[in-house]
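Each remark here refers to the structure printed beneath this line.
The values are calculated or read from the model by the stated rules, or taken from the named source; none is laboratory data. Predicted model only: the values in this text are computed from it and were never measured. Cβ coordinates were reconstructed from backbone atoms using ideal geometry, including for glycine residues, and neighbour counts include every protein chain displayed.
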Amino acid sequence: MSNIVRSLKHFAMTSRLIEHDLDEIEKKYTVDFNRGHRNTIEVDQAYYPQIEQDIRSEAARMAPHYETFYSLEKTVRRLIADTLNAAEGPNWWVSSRIPANIKNEVEDRQKKEIDSAVTPRSDEPIDFCTFGELGEIIKMNWDIFASIFSSVKAVEHVMASLNTLRGPIAHCSPLADDEIVRLQLTVRDWFRLME
């Protein structure tokens, strides 16, 4: 990965973390820095008055963490797909690079969505992988990813930490203050792995 791409990724994530900090300052001191953010609480009050205020407030506090994790997880998926595509070509998913058990799990998830008559989330199989499976794909293909990351053990550690932090975010539970800091540090650790 080129230094320019790495620098751009660091810039983007640093900008997101600064935005989060500015959001927190705006909430804490009830100020508006006119950054063009819509007021989520007003929208909720207009359309969802049956939802209690404390729940809406908690959701507004959690929204930046969800956005951070969503962005990071999409970045991880894209990095894996782009790296395997460069190494194996466009049919990388059907190659031996993806463990059979992961392919089977993905097929089951895709079929379940089709059978549920909901709009499929994606045409790309990697979008049906769990976060843990993404880590397994990186480890199973370390011969390719070693040129991107500094250490397989470090990748395992950061991915495990992110997977743990993902739980409360994905299941609508608030993050404790320490876990917010841990999320910020772990996101930084992820990008530091690629230096």
Exercise for the section: Examine region 89-108 for a residue that is part of a helix (DSSP H, G or I), modelled with pLDDT under 95, surrounded by 14 or more Cβ atoms within 10 Å (Cβ to Cβ) and not aromatic (Phe, Trp, Tyr), and state whether such a residue exists. Expected result: no
Exercise for the section: Please tell me if ILE41 is in a helix (DSSP H, G or I), modelled with pLDDT under 75 and closer than 22 Å to ASP177 by Cβ. Expected result: yes
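Residues checked against (1) surrounded by fewer than 11 Cβ atoms within 10 Å (Cβ to Cβ); (2) under 22 Å from GLU195 (Cβ atoms); (3) at pLDDT below 75:
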| position | (1), (2), (3) |
| --- | --- |
| ARG6 | no, yes, yes |
| THR14 | no, yes, no |
| ASP23 | no, no, no |
| LYS27 | no, no, yes |
| ALA46 | yes, no, yes |
| PRO49 | yes, no, yes |
| GLU52 | yes, no, no |
| GLU58 | no, no, no |
| LEU72 | no, yes, no |
Exercise for the section: Please work out which one of (1) in contact (Cβ under 8 Å) with a residue 40 or more places away in the chain; (2) loosely packed, with under 14 Cβ neighbours inside 10 Å; (3) within 20 Å of ALA59 (Cβ to Cβ) is the condition LEU183 fails and give its number. Expected result: (2)
Problem - PHE33, sole failed condition from (1) of a type outside the set (D, E, K, R); (2) assigned to a helix (DSSP H, G or I); (3) at pLDDT below 75 - result: (2)
Problem - Complete set of residues in region 117-143 that are farther than 19 Å from ALA170 by Cβ and surrounded by fewer than 17 Cβ atoms within 10 Å (Cβ to Cβ) - result: ALA117, THR119, PRO120, ASP123, GLU124, LYS139, MET140, TRP142, ASP143
Practice task
For region 127-151, name all the residues that are over 28 Å from ILE4 (Cβ atoms) and in contact (Cβ under 8 Å) with a residue 60 or more places away in the chain.
Solution key: none
Exercise for the section: Find all pairs meeting these conditions: Cβ atoms under 6 angstrom apart; at least six residues apart or on different chains; first residue within region 152-180 and without any contact (Cβ under 8 Å) to a residue 12 or more places away in the chain; second residue surrounded by 14 or more Cβ atoms within 10 Å (Cβ to Cβ). Expected result: PRO168/LEU175
